[in-house]
Amino acid sequence: MNELASVIDWSRAQFALTAIYHWLFVPLTIGLATIVGIMETIYYRTGNERWKALTKFWMTLFGINFAIGVATGIILEFEFGTNWSNYSWFVGDIFGAPLAIEGIFAFFMEATFVAVMFFGWDKVSRGFHLASTWLTALGVTLSALWILVANAWMQNPVGMTFDPGQMRNVMDNFTEVAFNAVAMNKFFHTVFSTWALAGIFVVGVSCWLVRRGSNFAAARSSIRIGAWFGLAGMLLTLATGDGSAVQVARVQPMKLAAMEGLYDGKVGQELVGFGILNTKKQPGDDAAPMLFDISIPYGLSVLANHDPHSFVPGINDLIEGIELTPQGDTIHTTGYAERIAAGRRAQEALRAYGTAKNAGDTAAMNEAAAAVAKDFKYFGYGYFEKPEEAVPPVALTFYAFRVMVGLGTLLLLVLAAMACASAFRPTLLRNKYLQLAGICSLPLVWICSQAGWIVAEVGRQPWTIQDLLPVSAGISNVTAGNVQTTFWMFAIIFTLLLIAEISIMVRFIRRASTTDIETATHL
Amino acid sequence: MNELEILQHYWWFLISVLGAALVFMLFVQGGQSMLCCARNETERQLIVNCLGRKWEITFTTLVVFGGAFFASFPLFYSTSFGGAYWLWMLILVSFVVQAVSYEYRRKRGNVYGTGFYDSLLMFNGLFGCVLLGVAVAMMFFGAEFTIDKGNILDGANPVISRWSATRGLEAIASWRNLLLGATVFFLARTLAALYFVNSISGEEALTRRMRRAATYNGLVFTALFVVFAVVLLSSSGLRLQADGTFAAEPYLYLHNMLSMWGAGVVFVLGVVAVLYGIARTTADSHWHKGIWYCGAGTIAVVTTLLLMAGWGDTAYYPSLLDPQCSLTITNSSSSEFTLRVMSYVSAFIPFVVGYIAYVWRKMNAKPLTPEELAGEPHQY
C-alpha cells in the first residue's frame, strides 16, 4: 500500500473510531435528558418526592455519560481540520456555518444550564430548575440538529456553487442547506432513535433493580416512562426510517444498492430479509450476489418508491447510468465511465482557469469557468480510475442494515411489552423472562444504533461530499505514521475512559439496588 | 471598505472577542494546575468543586472558537489544524481527559483512583494553557506552511496546505511561542487565584494562600507579559501590499497599535485593570473582586492583541516558509454570503452572553463553603 492510500485509510479509521465512541454516549445523553425532563415535570406538577428522587437518580447517570460524550465530541469537530484539511477548505464555506451555529445556540445552552441541573436544586426556584433541565435537553437536541444538518449536506450537497477563482464551494442559499430534506429526515430519525435507546436504558436498568428485589415502585414508575417514551421513539424512528429509504433511493442510490447487495435491479424488486452475500461478487461479473437469501417479494420497490411495481436500480445499473428521478421515475442518465471523463474535464478546465488567471487572460478564464461549471456535477469522479471505485463496501453496509432493522424490530417488541405491562399489568414486571428481556436489550440497542450509523457512513463511501469530493482528496498533509500514532492513542484513551464510565455506572446502579432510592440522600 | 471587507473585519473582531473570552475562562485550567496547593481534603474539594461548575463553559468556548474559525476563516482552519497536527492533537488530548476527570474523580468504581484523575486535571491545567498560548503565538511569529490550492487537482498528492515535517512540534520548540504559552499559563493561575478568593469562603487559610498565589503568579505573569510585549512590539511582521504581495515591516505590531489608537487605548486600559485587580487583592485583605477587574482587563488586552494581528492588512498567520502564502482576513475568509448569514446569527450572541451572565450570577450569588459542599449530593 502506498503512503497516500495508507494516510487515507488511517484517517478514515481514526474518524470512524472517534465517531463510534462518540455515538456510544451521545444518544443516551439526548434521550435521557428528555426523560429526566419528563420526570422532573411530574415532580413539579405533583410535588411527589418519588419523582424528585427518580429525577436525581437518572440525572446522575446522565451526568456520568454526558462528560464522556463531550470529551469525544471535541475531537470530532477538530478532526475535520487535523485529518481532513482539504475537505475543510473545499467546503468550509458551507460546512463551518452549521458547526458555528451549533456552538452558539446549542453548546452554550447545555453548558450553562447543565450546571444548574446538578448544583442548582437549592440555589434557584423549582420552576427555574425545571426550565434549566428542559433547556439542557433542548440544547443537546439542537446540537444534534445542527451537526446533522452538516452531515446531511455532505450526503446531499445543496445550496452552493463552485467558485473556480478560489477552488472551493461557496454557499448561495442558507435555507436550502438548513432545511435540506435529507437533514430534516435525518434529524428526526436520529433524535427519535435516541429516545428509543434511552427508553431501553431506563427499562433495562429498572428491570435489573426489580430483579435484585429492590425499589419496585420506583422501578415501575421508571419503566412506565422509559417504555412509553422509548416505544414512541422507536415507532417514530421506523416512520422516519421509511422516509430515509425513499430519500436514499434518489439521493444516494448506490448506498441503497449496497444496503441490499443488489447488483441488477428489476421492476417489483424484492427485499432481502435475511441473506448471505457472495463476497467474491464484483460489479459487472456473472456471479450470483447471494449465496443464500430469504426475501420479501416487492419489498425493496415498496421501501424505495412506495410502489410494489416500481424499478429499483442495482450497482451495475447505476454504473451504467440508470437511476431514479426525485419523482421516482426511472431514467437513463450519465454512466460512471462518462462521469469519470466529465470529472476529469472539469478538473482540466479548472487547471486551465488557474493558468489563465495567472496570465491575466480574462476571456480564457471565462471560457474555463464555463467549462468547469458544465461538468462540475461530476467533479469528484475525476479522481477515479475506474467506475468500480465509486462502489461502497457492500458487505459491511448490507449486514449492518440487517442488524439495525432486525434488532430495531426486536426492541420494538420488548418496548411494547414493557409499556403494556407497566400500564396494565404491573405484576408482570416481576416476571423474570420479561426482566431478562429488558436487561438483554441494553447491549442490543447500542449495537442497533451503531449499525444505523455504519449504514449511513460506510454506505456513502468513497465520498466525503457526494459526487464532489472523494475521501482520497479530502485529506491533510500528515504521514500515515502520524495518524497511526494518534489512532492508537485515541483508541487507548477512549477505551480506558469507557471502562471507567461503565464501571462507575454499574457501581452506582448496584448501590441503588441495596438502597431505597426514594429516601437516599447520597448514592 | 466594501461589504465583504466590513464582514471580514467584523468576524475577525468576533473571533478576537471569543479568543479573549477563552483566555479569561482558562482560569479553570489555571486553578487545576494549583490542585497541589491544597493542604487537606476539604481545600482540595473546595477548589475542584468551585472550578467544576465552570469547566463546561471553558470547554464550550474552545469548541465555539474552533467552530467560528471554521465558519469564518476556513483556510486558517484547514492550514493550522491539518498542519500543526501534533500541537493540536496534544491540546485536544489535554481537554479530552479534563472533561471526564471532574465527573469521575470521586465516583465509586472509577477504576483508576482519584489521584489519577487529579493528575489529568493538572496535566490539562499546565499543557492546555501553554499549548494554546503556543498555537496563538503562531499568529504573530509565524508558522512553517505553504499553500497551493492547485494541488487539489493532483490526485497523487492533493493536499493544498502543507507543513514542515515536524508537523507542529517545531512550534512548541520556538522560544517566542513558548514565551506566550508561559504568559498565558501564569495569567490563568493568577485569574484562578483571584477566582478562588471571590468564590470560596469559610476556609480562611486557603483564601489567604490564594491571595498570596495571586500576588506571586501575578508578578511572574507581569514579568513575562512585559517581555512578550517588548518582543512583539519590536518584531517585524508581514503586511499585504497594494500589489497583492506580502512585505516584511519592522515594528509592524507597534505601528498597528499606534494607527489603531482606539484599540491601543483599550489595550492600555486592560493592562491597568489587570494590574489593579492583582495589586488591590494583594493590598486589601477584605477585597475579593479582583477577578472581575483582571477578567475584564484580560478580555480587553487579548481582544486588542488579536485585532492588531488581523486588522490593517496584517498577515495574521505569517508563513515562515513562503511569506506569499501567508494568511490575512481577506484571503482566508468565507464568502460574503456566508459571512452575512453568520452575522445575522451573531445577533443572538448578546442574548447568549446574557443568559450565561444571569445563570453565573445566580449560581455564584454566595461563595462556596465547606458547609454547602458537605450537604451537596452531587460533588466532583
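A single entry from A:THR41, A:THR72, A:THR60 fulfils the requirement of being surrounded by fewer than 23 Cβ atoms within 10 Å (Cβ to Cβ) and facing chain B (nearest Cβ under 8 Å): A:THR60. Residues considered: A:ASP467, A:ASP516. Of these, the only one that is in contact with a helix residue (DSSP H, G or I) (Cβ under 9 Å, 6 or more places away or on another chain), within 30 Å of B:ALA156 (Cα to Cα) and open to solvent by 30 Å² or more (accessible area, probe 1.4 Å) is A:ASP467.
Please indicate, with yes or no, whether at least one residue in the range A:501-510 is open to solvent by 10 Å² or more (accessible area, probe 1.4 Å) and assigned to a loop (DSSP other than H, G, I, E, B). Checked against the condition, which is being open to solvent by 10 Å² or more (accessible area, probe 1.4 Å) and assigned to a loop (DSSP other than H, G, I, E, B), the range A:501-510 yields no hits at all.
Among the residues of the range B:71-101, just one is more than 17 Å from A:PHE487 (Cβ to Cβ), of a type in the set (Phe, Trp, Tyr) and out of contact with any Ser or Thr (no Cβ under 7 Å at 6 or more places or on another chain), namely B:PHE95.
For beta carbons closer than 6 Å, sequence separation of 6+ or different chains, a first residue in the range A:90-102 that is facing another protein chain (nearest Cβ under 7 Å) and a second that is open to solvent by 10 Å² or more (accessible area, probe 1.4 Å) and assigned to a helix (DSSP H, G or I), the qualifying pairs are A:ILE101/A:TRP146; A:ILE101/B:VAL345; A:GLU102/A:SER143; A:GLU102/A:TRP146; A:GLU102/A:ILE147. Scanning the range B:322-349 for residues that are touching a residue at least 60 places away in the same chain (Cβ under 8 Å), out of contact with any strand residue (DSSP E or B) (no Cβ under 7 Å at 6 or more places or on another chain) and either of a type outside the set (Gly, Ala, Ser) or open to solvent by 60 Å² or more (accessible area, probe 1.4 Å) (or both) gives B:ILE329, B:THR330, B:ASN331, B:GLU336, B:LEU339, B:ARG340, B:MET342, B:ILE349.
In the range A:460-469 there is no residue that is touching a residue at least 40 places away in the same chain (Cβ under 8 Å) and in a helix (DSSP H, G or I). Restricting the range B:350-370 to residues that are assigned to a helix (DSSP H, G or I) and either touching a Gly at 6+ places or on another chain (Cβ under 6 Å) or open to solvent by less than 50 Å² (accessible area, probe 1.4 Å) (or both) leaves a set whose member that is modelled with the lowest pLDDT is B:MET363.
Taking the range A:171-197 as the range and being closer than 28 Å to A:LEU350 by Cβ, open to solvent by less than 20 Å² (accessible area, probe 1.4 Å) and within 14 Å of another protein chain (Cβ to nearest Cβ) as the test, the residues that pass are A:MET171, A:VAL177.
For the range A:147-164, a tally of residues being farther than 21 Å from A:PHE105 by Cβ and in contact with a Lys or Arg (Cβ under 7 Å, 6 or more places away or on another chain) returns 1.
Scanning the range A:113-134 for residues that are in contact (Cβ under 8 Å) with a residue 12 or more places away in the chain, at the interface with another protein chain (Cβ under 7 Å from one of its Cβ atoms) and open to solvent by less than 10 Å² (accessible area, probe 1.4 Å) yields A:VAL114, A:VAL116, A:GLY120. Considering the conditions (1) open to solvent by 40 Å² or more (accessible area, probe 1.4 Å); (2) closer than 16 Å to B:VAL271 by Cα, B:TYR216 is excluded by exactly one of them, (2).
Residues that are without any contact (Cβ under 8 Å) to a residue 12 or more places away in the chain and of a type in the set (Gly, Ala, Ser) number at least 2 in the following helices (runs of 4 or more DSSP H) confined to the range B:242-321: B:261-283. When residues of the range B:55-110 are filtered for being more than 7 Å from chain A (Cβ to nearest Cβ), more than 17 Å from B:LEU22 (Cα to Cα), crowded, with 24+ Cβ neighbours inside 10 Å and of a type outside the set (Ser, Thr, Tyr), how many remain? Looking only at that region, the number is 4. Inside the range B:144-198, residues that are assigned to a loop (DSSP other than H, G, I, E, B), within 14 Å of chain A (Cβ to nearest Cβ) and surrounded by fewer than 24 Cβ atoms within 10 Å (Cβ to Cβ) make up a count of 11. Looking only at residues that are among the hydrophobic types (A, V, I, L, M, F, W, C) and farther than 17 Å from A:ASP93 by Cβ in the range A:174-189, which one is modelled with the lowest pLDDT? Result: A:ALA181.
Of all the numbered requirements in (1) surrounded by 23 or more Cβ atoms within 10 Å (Cβ to Cβ); (2) not in a helix (DSSP H, G or I), A:ALA137 misses one, and that requirement is (2).
The values are calculated or read from the model by the stated rules, or taken from the named source; none is laboratory data. None of the values given here were measured: they were computed from a predicted structure. No Cβ is skipped: glycine too gets one built from the backbone with ideal geometry, and neighbour counts run over all protein chains shown. Ligands, DNA and RNA are excluded from the accessible area calculation, which covers all protein heavy atoms including side chains. Shrake-Rupley method; radii C 1.70, N 1.55, O 1.52, S 1.80 Å.
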